[in-house]
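What follows is one structure encoded as structure tokens, with my remarks underneath.
The values are calculated or read from the model by the stated rules, or taken from the named source; none is laboratory data. Note that the structure is predicted; figures quoted are calculated from it, not measured. Using ideal geometry, Cβ is built from the backbone for each residue, glycine included, and neighbour counts are taken over all protein chains shown. Only protein heavy atoms, including side chains, enter the accessible area calculation; ligands, DNA and RNA are left aside. Shrake-Rupley method; radii C 1.70, N 1.55, O 1.52, S 1.80 Å.
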Amino acid sequence: MADPSALEIGGVAKSFGSLHVVEDVSLRVGKGEFVSIVGPSGGGKSTLFHIVGGLLTPDRGTVTIDGHDAVGRRGLIGYMPQQPALLPWRTVEDNIVLAREIAGEPRRASRELARRWLARAGLDGFADAYPHTLSGGMQQRASFLRALLSDHEVLLLDEPFSALDAILRTDMHRWLLDIWEENRRSILFITHNVEEALLLSSTVYVLTARPARVLERVEVPFPRPRPDELVDEPEFVRLRRRLTHLLKNDARHAI
Ligand SMILES: Nc1ncnc2c1ncn2[C@@H]1O[C@H](COP(=O)(O)OP(=O)(O)O)[C@@H](O)[C@H]1O
Ligand SMILES: [Mg+2]
């Protein structure tokens with residue numbers, strides 16, 4: 001493949017005692033690529049993320065970030081968890097500069113950067129607010145900025161929008177893609193929502209129910225920017241049906 005990989009996972013397996021959670025997962029994210037993983041709940045997706053983030057060690061397999069072995073190594077990626085998990089005792093701005101603070105970046109430059117991105121996220125005026133005063137969507141945006149400002153090439157987003165209603169979710173998709181177009185990173189995005197995966201990504205990996213294996217790798221052919229009406233186009237409808245069918249059939253086998 002021509003472009004270098006930002007992230008490669010090779011033959012990863014993980015069990016918790018006798019519970020086989022990840023069986024054999026290999027995937028790659030090219031530099032600046034937006035890749036999604038879709039799979040059923042409880043299927044081992046977050047476990048896979050924790051392995052990539054170095055929080056868990058796999059029983060087998062390799063994790064390579066930017067060409068370097070990353071097994072068991074923390075601090076190499078930006079991570080946006082399923083719940084925004086902002087620190088309640090820190091202001092929004094203090095939350096999003098956290099990684100830079102830990103990395104010892106100059107404080108003033110980080111704050112200027114934070115103010116700029118907060119404005120870009122529609123959060124100007126909330127820099128000094130505490131997280132509990134923000135709506136769910138605003139907390140998600142702040143949480144994403146925190147991952148973005150950590151300055152890592154690879155960002156892992158773990159079902160970031162699953163708690164949001166459909167309209168807000170569509171707004172967040174547009175927002176996320178705008179920011180990503182402007183500030184290309186390599187994104188690995190987890191969802192159990194097939195439509196979301198197809199709208200956002202250039203490649204989708206469909207995982208089986210637990211233990212997770214790659215059922216199929218699908219290239220998403222639609223050019224960007226992708227209009228809202230894309231969801232009604234025959235090719236989009238066909239792909240959505242195909243992925244939904246794959247997931248359903250697999251779930252049936254798992255029962
Ligand atoms: N630290 C752990 N110890 C034991 N079981 C775990 C642990 N973490 C996750 N699991 C189990 O692994 C399975 C997969 O979990 P998870 O990776 O969170 O799935 P997903 O993110 O796809 O919903 C679940 O059955 C969960 O209970
Ligand atoms: Mg999960």
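Some points to look at:
- Against the numbered list (1) closer than 22 Å to Gly53 by Cα; (2) modelled with pLDDT under 95; (3) not aromatic (Phe, Trp, Tyr), Val154 comes up short only at (2).
- Selection count, segment 51-84, where residues are away from ligand 1 (no atom under 15 Å from the Cβ) and closer than 22 Å to Ala163 by Cβ: 2
- Meeting the requirement of 2 or more residues that are closer than 28 Å to Glu23 by Cβ, open to solvent by 70 Å² or more (accessible area, probe 1.4 Å) and not aliphatic (A, V, I, L, M), the strands (runs of 3 or more DSSP E) wholly within segment 178-255 are 212-219.
- Segment 188-217, subset within 16 Å of ligand 1 (Cβ to nearest atom) and of a type in the set (Lys, Arg), residue nearest to Phe34 (Cα to Cα): Arg213
- Segment 162-176: number of residues that are within 16 Å of Glu229 (Cα to Cα) and open to solvent by less than 30 Å² (accessible area, probe 1.4 Å): 1
- All conditions but one from (1) of a type in the set (Gly, Ala, Ser); (2) at pLDDT below 95; (3) not assigned by TED's automatic domain parsing to the domain that holds Pro131 apply to Ala99; the one that does not is (3).
- Counting only residues that are of a type outside the set (A, V, I, L, M, F, W, C), more than 7 Å from ligand 1 (Cβ to nearest atom) and within 18 Å of Ala70 (Cα to Cα), segment 5-50 holds 11 of them.
- Residue, farthest from ligand 2 (Cβ to nearest atom), within segment 9-45, restricted to residues that are among the β-branched types (Val, Ile, Thr) and in contact with a Ser or Thr (Cβ under 8 Å, 6 or more places away or on another chain): Val29
- So Gly10, is it touching a helix residue (DSSP H, G or I) at 6+ places or on another chain (Cβ under 6 Å) and within 23 Å of Leu246 (Cα to Cα): no
- Of all the listed residues (Arg100, Arg73), the sole one being under 19 Å from the mean Cα position of the chain (by Cα) and basic (Lys, Arg) is Arg73.
- Unique residue being modelled with pLDDT under 95 and under 17 Å from the mean Cα position of the chain (by Cα) when the list is Leu55, Leu27, Leu48: Leu55
- Residue selected from segment 87-110 under the condition open to solvent by less than 50 Å² (accessible area, probe 1.4 Å) and touching a Phe, Trp or Tyr at 6+ places or on another chain (Cβ under 9 Å), by the criterion nearest to Glu153 (Cα to Cα): Ile96
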